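Student: Could you have a look at this structure, given as structure tokens, before my questions?
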Amino acid sequence: MKVGVLALQGAFGLHEQVLEQLGVGVVRVRTPEHLAEVDRLIIPGGESTTMSKLLDANALAAPLADRLADGMAVLGTCAGMILLASQVQDGYPAQHCFAAVDVAVRRNGYGRQTDSFHAPLSVQLGAWQGDFSGVFIRAPKVCAVGTDVEVLAQLDGVAVMCRQGLAVVSAFHPELSGDHRIHSWFLELG
Ligand code: GLN
């Protein structure tokens, strides 16, 4: 299995390290050719506005939309969640949101960089339910969840991790907690 990490901007290196520790081959996705090589994709945290512009600049927006429509397994964390949402508040007008998971999100909904925080979460991943330390950095806040979406974790009654089909989004950064269980589970998904 080849796992891609969208490597246009942001925290792709840390996802790469986790995947390497889990023993899977990683492709840095920067072109349509790279995307065509991979079986599944991680879209990291970073800056969704910049990533959206770089997807256009690198001719990746249309091929990515096609792969997502075909049901490719994808994990979007933080800025990645924003890109995979169906509606984005406080983005720029032409900002991409690929609607892989039917959630509406508000960018920076938990505040600025200085409002970053850790929170203990209870995460439900298939039959496995357990504690996970969530790292939130200028995280998007989910404002609405569609009926086909499964909520995998909540914080104060607000969804922070969701799944629709093989598309998974988290408002927090699972690559920063030193706990690889979310990545392991994602690699088995499908
Ligand atoms: N606030 C950023 C954005 O809107 C996301 C922050 C992050 O990925 N840590 O893209």
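Student: For residues in the stretch 81-97 being more than 19 Å from Phe12 (Cβ to Cβ) and among the aliphatic types (A, V, I, L, M), which is nearest to the ligand (Cβ to nearest atom)?
Tutor: Applying the filter and picking the extreme gives Val88.
Student: Note down all Cβ pairs under 8 Å where the first residue falls in the stretch 83-105 and is more than 16 Å from Gly45 (Cα to Cα) and in contact (Cβ under 8 Å) with a residue 24 or more places away in the chain, the second is away from the ligand (no atom under 12 Å from the Cβ) and basic (Lys, Arg), and they're at least six residues apart or on different chains.
Tutor: What qualifies is Val101/Arg163.
Student: Scan Val24, Val5, Val29 and give me the residue that is in contact with an Asp or Glu (Cβ under 7 Å, 6 or more places away or on another chain) and among the aliphatic types (A, V, I, L, M). Break it down into steps so the answer makes sense when it comes.
Tutor: Working: Val24 fails: in contact with an Asp or Glu (Cβ under 7 Å, 6 or more places away or on another chain); Val29 fails: in contact with an Asp or Glu (Cβ under 7 Å, 6 or more places away or on another chain).
Sole residue among the options that is in contact with an Asp or Glu (Cβ under 7 Å, 6 or more places away or on another chain) and among the aliphatic types (A, V, I, L, M): Val5.
Student: As an exercise: evaluate Phe172 against (1) touching a residue at least 24 places away in the same chain (Cβ under 8 Å); (2) part of a strand (DSSP E or B) and give the number of the one condition it does not meet.
Tutor: Condition (2) is where Phe172 drops out.
Student: Still on this structure: Name the residues in the stretch 98-114 that are part of a helix (DSSP H, G or I) and more than 11 Å from the ligand (Cβ to nearest atom), would you?
Tutor: If the condition is that a residue be part of a helix (DSSP H, G or I) and more than 11 Å from the ligand (Cβ to nearest atom), then Thr114 is the only one that fits.
Student: Please enumerate the residues belonging to the stretch 133-161 that are under 16 Å from the mean Cα position of the chain (by Cα), in a strand (DSSP E or B) and away from the ligand (no atom under 16 Å from the Cβ). If you could, list the steps in order and put the result at the bottom.
Tutor: Quick first cut of the stretch 133-161, residues under 16 Å from the mean Cα position of the chain (by Cα) only: 134-142, 145, 149-154, 159-161.
After this cut, where a residue has to be in a strand (DSSP E or B) as well, the list is 134-136, 141-142, 145, 150-154, 159-161.
Val145, Glu150, Val151, Leu152, Ala153, Gln154, Ala159 - these are the residues of the stretch 133-161 that are under 16 Å from the mean Cα position of the chain (by Cα), in a strand (DSSP E or B) and away from the ligand (no atom under 16 Å from the Cβ).
Student: For the stretch 47-80: of the residues being within 15 Å of the ligand (Cβ to nearest atom) and of a type in the set (A, V, I, L, M, F, W, C), which is surrounded by the fewest Cβ atoms within 10 Å (Cβ to Cβ)?
Tutor: Among residues in the stretch 47-80 that are within 15 Å of the ligand (Cβ to nearest atom) and of a type in the set (A, V, I, L, M, F, W, C), the one surrounded by the fewest Cβ atoms within 10 Å (Cβ to Cβ) is Leu54.
Readers should treat all values here as calculations from the given coordinates under stated rules, not as data from a laboratory. As the structure is a computational prediction, the values presented were derived from the model and not from experiment. Note: ideal-geometry Cβ built from the backbone for every residue, glycine included; neighbour counts use all protein chains shown.
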